[in-house]
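The values are calculated or read from the model by the stated rules, or taken from the named source; none is laboratory data. Please read these numbers as outputs of a predicted model, since none were measured by experiment. Positions of Cβ are generated from backbone atoms using ideal geometry, with glycine treated the same way; all protein chains shown enter the neighbour counts. Just so you know, the surface numbers come from the protein's heavy atoms only, side chains and all, with ligands and any DNA or RNA stripped out. Shrake-Rupley method; radii C 1.70, N 1.55, O 1.52, S 1.80 Å.
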Amino acid sequence: MKCPVCGDDCVSDAFDIINTMETIFSPCPRCRGRHLDKKSPPPDYVPPDTCSCGKRFIDDVYAMMYRIGVEEGDLTGTEPLKEVGTPLINPGFVLHEAPYLPRHSLVLLTDQLGKQTAERIIAEIPEVRGVVQDNHIIPGITDPDSDDPPKTHTLLAGCDVRANIFATQVGPIVIYKQSSMMHIEFPRPVNPKILSVDRKVFTKRPKIFVDACCGGGTLGIAAARLGVQHLIFNDAWYAAAFWTAYNLKVNHAYLGIDDVEIFESYTAMAGTPVRSEPHLVATARGGVSAEIYQGDFRLLSPHIPDENILAVIDLFDKASRDMVEETITAWKAKNHGDVFIP
């Protein structure tokens, strides 16, 4: 699949990604890596070249990025190694040992390194896919009533599209996102949101599942993996709506989807980054069918059939019990079926 950000072949079918999980970050017998203290500057040593198998230990990759940062003046050489930034492994899944990184398997989220350093890292370290400036925000829409434009991180160099692999009760799903544009989630051994979807789908046996604030589509795609055959996705943020549609395409073989039609390119959708009135951006057909909208979930009712519905509303801020109850009450007043907040 062509990546909508860089145009390269950096997006793969879920089946191909999942089949690499056991070996993708494992060393070969010739691999050598040096474990470094992340709380101290790296020692003065020359990190080894990439192994003949195409992998290099993550600490050695970090030492190389640190060295470039010092040479470019972004680091003084006294900072601990961890100050380089946060590693976003591609694909992301639960690891029990530090990884040996193949080509283009790391996106770096950093608040220390500048654009020139980032460009050198991409040019000189093949394991790094992209470098993203951490702007210390949550990308996308955090308050549906705010008129402020959504904030994002900044892609400094390379491509920041990466996948996460999430477990469900009946098998894994693959969720791609552009890291600078969407909330970053890390797979865990047990995902409470996906578990809540599993329990609700098993109990309610819905005909249609509505993922009203879908993000990258994780919960709705999990529902499809659990057997729901009609999905409705919605998110006001263009990147979320687009990647949901793309993730249906990525997971098509596991979901029984024959075709996904996305009506606008990623670039074109960026021209209207936030919508209020729900706008149909993609459809899916096959054993599982789906409609994907970009808009305010509170205006989605005309697009929801009066059938056996189960809706999930994954609010960004669940801290206010009053707000949660108001959201549920307002949804029930306009829509049939059951609704829950994971």
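For this structure, a couple of remarks:
- Low-density loop positions, chymotrypsin sites (Phe, Trp or Tyr not before Pro), region 48-105 - DSSP coil, at most 14 other Cβ in 10 Å: none
- Surface composition of region 89-204: carbon and sulfur atoms hold 50% of the protein heavy-atom accessible area at a 1.4 Å probe.
- Accessible solvent surface per residue of the chain, calculated while the other protein chains remain in place, 1.4 angstrom probe, Å²: 45
- Cross-link reach is defined here as a Cα-Cα straight distance under 13 Å, omitting same-chain residues fewer than 8 places apart; for LYS38 the aspartates and glutamates meeting it are ASP59, ASP60, GLU79, GLU83.
- Given [x] 21.1, 67; [y] 19.7, 56; [z] 20.1, 66, the label whose value is Rg and Dmax of the Cα atoms in Å derived from this model: [x]
- Ranking LEU315, LEU155, THR142 by Cα position along the charge dipole of the chain, where only Lys, Arg, Asp and Glu carry charges on their C-beta atoms, puts LEU315 farthest toward the positive end.
- Rounded FRET efficiency, nearest 0.05, which uses the C-beta distance separating LYS2 from ASP306 and R0 of 41 Å: 0.55
- Estimated at 0.36 nm per residue, the fully extended path between MET21 and ALA253 surpasses their Cα-Cα distance by 81.8 nm.
- Loop-located trypsin sites (Lys or Arg not before Pro) in region 1-108 (DSSP state other than H, G, I, E, B) with a sparse environment of at most 14 neighbouring Cβ atoms within 10 Å: LYS2, ARG30, ARG32, ARG34, LYS38, LYS39, ARG103.
- Shape category assigned to region 82-240 from the gyration tensor of Cα positions, a/c cut at 1.5: oblate
- Taken about its Cα centre, the chain carries a charge dipole of about 940 debye when Lys and Arg each add +1 at the Cβ and Asp and Glu each add -1 at the Cβ.
- Straight-distance crosslink candidates among lysines, where the alpha carbon sits under 26 Å from LYS332 and sequence neighbours closer than 8 are dropped: LYS193, LYS200, LYS204, LYS207, LYS318
- Longest stretch of the chain clear of exposed loop sites (GluC sites (Glu not before Pro), DSSP loop, at most 15 other Cβ atoms within 10 Å, sites excluded): 98-306.
- Figure note: SER12, SER196 ranked by solvent-accessible area, largest first, 1.4 Å probe, ligands and nucleic acids not counted: SER12, SER196.
- For region 268-336 versus region 240-265, the gap between their alpha-carbon centres in whole angstrom: 17
- Calculated FRET efficiency, LEU195 to THR76, Cβ-Cβ distance, R0 = 56 Å: about 0.80 to the nearest 0.05.
- When region 160-259 is described by a simple charge dipole with +1 on each Lys and Arg Cβ and -1 on each Asp and Glu Cβ, the residue from PHE233, PRO206, GLY256 located farthest towards its positive end is PRO206.
- Relative packing of peptides 219-231, 272-284 - highest average C-beta neighbours within 10 Å first: 219-231, 272-284
- Relative to the longest principal axis of the Cα atoms of the chain, the long axis of helix 321-334 lies at roughly 50 degrees.
- Taking Lys and Arg as +1 and Asp and Glu as -1, the other residues whose beta-carbon sits under 12 Å from that of CYS10 total +1.
- Cα centre as origin, Lys/Arg/Asp/Glu Cβ charges: region 234-342 dipole, Debye: 120
- Ordered by solvent-accessible area of protein heavy atoms (1.4 Å probe), largest first, the residues ASP143, ASP258, ASP198 come out as ASP258, ASP143, ASP198.
- In the chain, helices alone account for a calculated mean residue ellipticity at 222 nm of -7500 deg cm²/dmol, with every DSSP H run of four or more residues adding -39,500 (n - 2.57).
- Lys/Arg +1, Asp/Glu -1 at C-beta; region 54-128 dipole; positive extreme among LEU108, PRO80, LEU95: LEU95
- Set LYS39/LYS177; LYS177/LYS249; LYS82/LYS151 screened for pairs whose C-alpha atoms are more than 21 Å apart: LYS39/LYS177; LYS82/LYS151
- Region 221-333 shape via C-alpha gyration tensor axes, a/c threshold 1.5: oblate
- Part-to-part distance (alpha-carbon centres) for region 11-60 and region 197-228, which is given in Å: 35
- Cα gyration tensor shape of region 23-171, rounded if a/c is under 1.5, else prolate or oblate by comparing a/b with b/c: oblate
- Per-pair calculated FRET efficiency, R0 = 22 Å: HIS336 and PHE202 via Cβ, rounded to 0.05: 0.60
- Straight Cα distances below 16 angstrom link LYS115 to none of the lysines, with same-chain residues fewer than 8 positions distant left out.
- Solvent-accessible surface (1.4 Å probe) assigned to MET269 amounts to roughly 0 Å².
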